[in-house]
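Taking it in order: structure first as structure tokens, then the write-up.
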Amino acid sequence: MIISCKNKGINSIPIENQFLGVQNFDQLQTMKIHELFALRVVAHRSRAVTMKNRGFDLRFVAYENLVKNQFNELKSVFSQCEMSKLGKFQLVAESNFSSLQKFKEVSSSEEICEIHNIETRFRRYDSG
């Protein structure tokens, strides 16, 4: 089913939507924006795990680890041969450690709790 949302600036989206994580159009109208964002993250993670389990060559980067130590995280994602083909590592931009917790700065305690509830409810997606 394709829902037209031109009045909201969206041309059309398929519902049920595996990348947004929504099962029906009502969710778009009733869920809070931070809940939809959290659901989207969970849905993307789920889809990536499903594709990896089906044999697609996907790599997962842990954002927290990338911020803390870019080189070590890249070494955990790429083989030594792949790293040598990429050439010498060069830090292009310094990581911003505050970005790891930014959502806590712009979200209320209630919103943070709701985000964690969505992550917990759909944690099964992480294991594939």
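For region 41-128, which helices (runs of 4 or more DSSP H) that fit wholly inside it have 2 or more residues that are under 24 Å from residue 31 (Cα atoms)?
102-106, 109-121
From the set of residues in region 42-76 that are of a type in the set (A, V, I, L, M) and surrounded by 15 or more Cβ atoms within 10 Å (Cβ to Cβ), which is farthest from residue 107 (Cα to Cα)?
Only one residue tops the list, namely 74.
Where a number appears in this text, it was derived from the coordinates with a stated rule and is not lab data. None of these values were measured; they are calculated from a predicted model. Because the Cβ atoms are built from the backbone with ideal geometry, glycine has one as well, and the counts that use them run over all protein chains shown.
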